[in-house]
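Below: the structure, in structure tokens.
The values are calculated or read from the model by the stated rules, or taken from the named source; none is laboratory data. As the structure is a prediction and not an experimental result, all values here were calculated from the model. Here the Cβ is made from the backbone with ideal geometry for all residues, glycine too, and neighbour counts use every protein chain on show. These accessible areas exclude ligands, DNA and RNA; they are computed on the full protein's heavy atoms, side chains included. Shrake-Rupley method; radii C 1.70, N 1.55, O 1.52, S 1.80 Å.
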Amino acid sequence: MNRRILIFLLCLLANGLQVLAQQAQKSNLQQQAEAAGEKDNIASARYLYIRAFEDYANKGKMAQSVECGTKATALYYKENYYKEAFDLLRRIDQTIIAQEQNTASRSALHYRTAKERMQMYMKLRKPASAKDQIDAMENHAKASGDENVKNDLLYNKAIYYYTFGQNAQGNAVFKEMADKLTSTKEYDKVDEVYQTLIANGRKSGSANLVAQSYASYMAWKDSVSALKVADEIGALKKQIADGEATIADKDSSLATRQATIIGLGIVIAVLAAVLALGAVALLRYIVLTRKLKKNLKLANESDALKAKFISNISAQLEPTLKRLDGRQPEVKAMLGFADNIQTLSSLQNTDSNAIELEETDMSPFCEGLMDQIRDKVKAGSELMVNTPKMSAKIYKPYVEYIIKHLLGNAAYFAPEGGHIKLEFKKRGAHSYQFLVSNTGSFIPEEKREDVFKPFLEVKDLTEGDGLGLPICKQMALKMKGDLDIDATFTKGTRFVLDLHA
């Protein structure tokens, strides 16, 4: 027992020394930047990473320099500061050219900056620009001669193809990567890559990426299970062969031979048991996988039928409700609820390609929307509109609906003497933002995703049906944009509508 305790303590000591050694390799600036990032202090973390990038570059430590520079870049475009992000990447590339003399190392470092550009263009939904960066990454990966860089390239190419709906190319690239790692029996790495790809799809809201990566993952699981069983059989056969060779070199006495025969019998019995268990496990896994796929298909069909059924009920109830006294709050609420259900159902069946953008003068457009809620705000409230004198191409029906709904919510939740603000900002050549904020209480973090999901709770319809924000979210997605809550805003609540022309 004492010996086990001593071994455990030595392991803890070794792990602690390893962590300390890793920390010692990082400069104080980098450690401060990481600490600020863990506290979600983005501006401070970004500033410290840039200083660490400059400090490492002055010391000739280019790998650490580029690592800190690209982390600062990611923090720029996390807040949609794309111009600053691209400017910083150009600066990093210039530093690499000036400081790094080794051709292979220089290519590996340029690969990282090209990868950051590719991720930004994917976020901006610019497939052609993202593909240009993929091509640049491929050239840098070949020149670097680094297998880890080449594997990372395959992973990012798969994400690119799946994200923009090019499923056949994505499957081919991902199969190449999986086969490459599987051939070296690095099964855990392949499994980790698939799990990461599925997680990225869920995080980005890409149903296509999740579905494709999950289907590929299931197919790979089926094939690798058989490979693992074959590996185990091969290992056991090798043990048997080694045992037979040992017998030939040992004493040929009867007692020794009998003992060896018994040992071989045990090994064969174990081999048979392993084969039987492996076959049962493989069959159960295949049956379970097929059952899960069937259940997923049935669930999707059921969701579509439920949406159509609810929409039909709403349409059938509407003529009857209109015969009732529309001045009664309950009847008015039911009519609004039926109308919202129709709108939500229509959005789910609308083709995004049918949306036509219109050149719009932003200043009068935003002022007009704010004027429509002036009679709804509480006493002493201050209304502010901050828009540059410019025009932008937008789909006015959807944008007007979303901003009017957000301003209406702001008027309802802002306290007396509070502030309601509407802002419009240009974030890139064809990227814009509308920001609607109000002082007062904020939405807790655990409820921020739920506010965009319909039918999560039973509500008194006279107090609202909870479909406004889900409708706004669907409209934003139809415009190839997004609507979300600004987690960094702490003086109340701020909604951010991102649009890409």
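Residue-wise test of (1) in contact (Cβ under 8 Å) with a residue 40 or more places away in the chain; (2) crowded, with 16+ Cβ neighbours inside 10 Å; (3) of a type outside the set (K, R).
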{"residue": "A128", "(1), (2), (3)": "no, no, yes"}
{"residue": "V149", "(1), (2), (3)": "yes, yes, yes"}
{"residue": "G201", "(1), (2), (3)": "no, yes, yes"}
{"residue": "S216", "(1), (2), (3)": "yes, yes, yes"}
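Return a yes/no flag: does the stretch 442-463 have any residue that is assigned to a helix (DSSP H, G or I), in contact (Cβ under 8 Å) with a residue 40 or more places away in the chain and among the hydrophobic types (A, V, I, L, M, F, W, C).
Yes, that holds for at least one residue.
Among the candidates A63, A114, A141, which residue alone is surrounded by fewer than 17 Cβ atoms within 10 Å (Cβ to Cβ) and either of a type in the set (K, R) or not in a loop (DSSP other than H, G, I, E, B) (or both)?
A63
Which of (1) under 23 Å from T488 (Cβ atoms); (2) crowded, with 17+ Cβ neighbours inside 10 Å does D55 not meet, given it meets every other one?
Going through (1) under 23 Å from T488 (Cβ atoms); (2) crowded, with 17+ Cβ neighbours inside 10 Å one by one, D55 breaks only (1).
State whether the residues of the stretch 151-160 include one that is part of a helix (DSSP H, G or I), under 30 Å from A235 (Cα atoms) and open to solvent by 30 Å² or more (accessible area, probe 1.4 Å).
yes
Anything in the stretch 164-186 that is open to solvent by 30 Å² or more (accessible area, probe 1.4 Å) and part of a helix (DSSP H, G or I)? List them, or say none.
Scanning the stretch 164-186 gives N167, A168, Q169, N171, A172, K175, E176, D179, K180, S183.
Counting just the residues of the stretch 75-93 that are over 21 Å from the mean Cα position of the chain (by Cα) and open to solvent by less than 20 Å² (accessible area, probe 1.4 Å), which one comes out nearest to M120 (Cα to Cα)?
Across the stretch 75-93, the extreme among qualifying residues is L89.
If a residue has to be part of a strand (DSSP E or B), among the β-branched types (V, I, T) and surrounded by fewer than 20 Cβ atoms within 10 Å (Cβ to Cβ) to count, how many in the stretch 469-495 make the cut?
Number satisfying all stated conditions: 1.
May I ask you to verify whether A85 is of a type in the set (G, A, S), in a helix (DSSP H, G or I) and over 23 Å from G37 (Cβ atoms)?
It is false that A85 is of a type in the set (G, A, S), in a helix (DSSP H, G or I) and over 23 Å from G37 (Cβ atoms).
Limited to the stretch 353-409, what total is found for residues that are over 32 Å from the mean Cα position of the chain (by Cα), part of a loop (DSSP other than H, G, I, E, B) and buried (at least 18 other Cβ atoms within 10 Å of the Cβ)?
Of the residues in the stretch 353-409, 3 are over 32 Å from the mean Cα position of the chain (by Cα), part of a loop (DSSP other than H, G, I, E, B) and buried (at least 18 other Cβ atoms within 10 Å of the Cβ).
Scan the stretch 155-174 and report the pairs whose first residue is at positive phi and whose second residue is surrounded by fewer than 21 Cβ atoms within 10 Å (Cβ to Cβ) and at pLDDT below 85, with Cβ atoms within less than 8 Å and a gap of 6+ or a chain change.
Between residues of the stretch 155-174 that are at positive phi and residues that are surrounded by fewer than 21 Cβ atoms within 10 Å (Cβ to Cβ) and at pLDDT below 85, the close pairs are G165/N208.
What are the residues in the stretch 38-62 that are under 26 Å from the mean Cα position of the chain (by Cα) and of a type outside the set (F, W, Y), if any?
E38, K39, D40, N41, I42, A43, S44, A45, R46, L48, I50
Which one of these is open to solvent by 40 Å² or more (accessible area, probe 1.4 Å), at positive phi and either part of a loop (DSSP other than H, G, I, E, B) or hydrophobic (A, V, I, L, M, F, W, C) (or both): G466, G417?
So the residue among G466, G417 that is open to solvent by 40 Å² or more (accessible area, probe 1.4 Å), at positive phi and either part of a loop (DSSP other than H, G, I, E, B) or hydrophobic (A, V, I, L, M, F, W, C) (or both) is G417.
Given the condition over 27 Å from Q474 (Cα atoms), of a type in the set (K, R) and at pLDDT 90 or above, answer yes or no: does some residue in the stretch 387-397 qualify?
Looking through the stretch 387-397, at least one residue is over 27 Å from Q474 (Cα atoms), of a type in the set (K, R) and at pLDDT 90 or above.
Which one of the conditions (1) surrounded by fewer than 21 Cβ atoms within 10 Å (Cβ to Cβ); (2) touching a strand residue (DSSP E or B) at 6+ places or on another chain (Cβ under 9 Å) does A429 fail to meet, given that it meets all the rest?
(2)
Applying the selection to the stretch 404-421, what residues are touching a Lys or Arg at 6+ places or on another chain (Cβ under 9 Å) and of a type in the set (D, E, K, R)?
E416, K421
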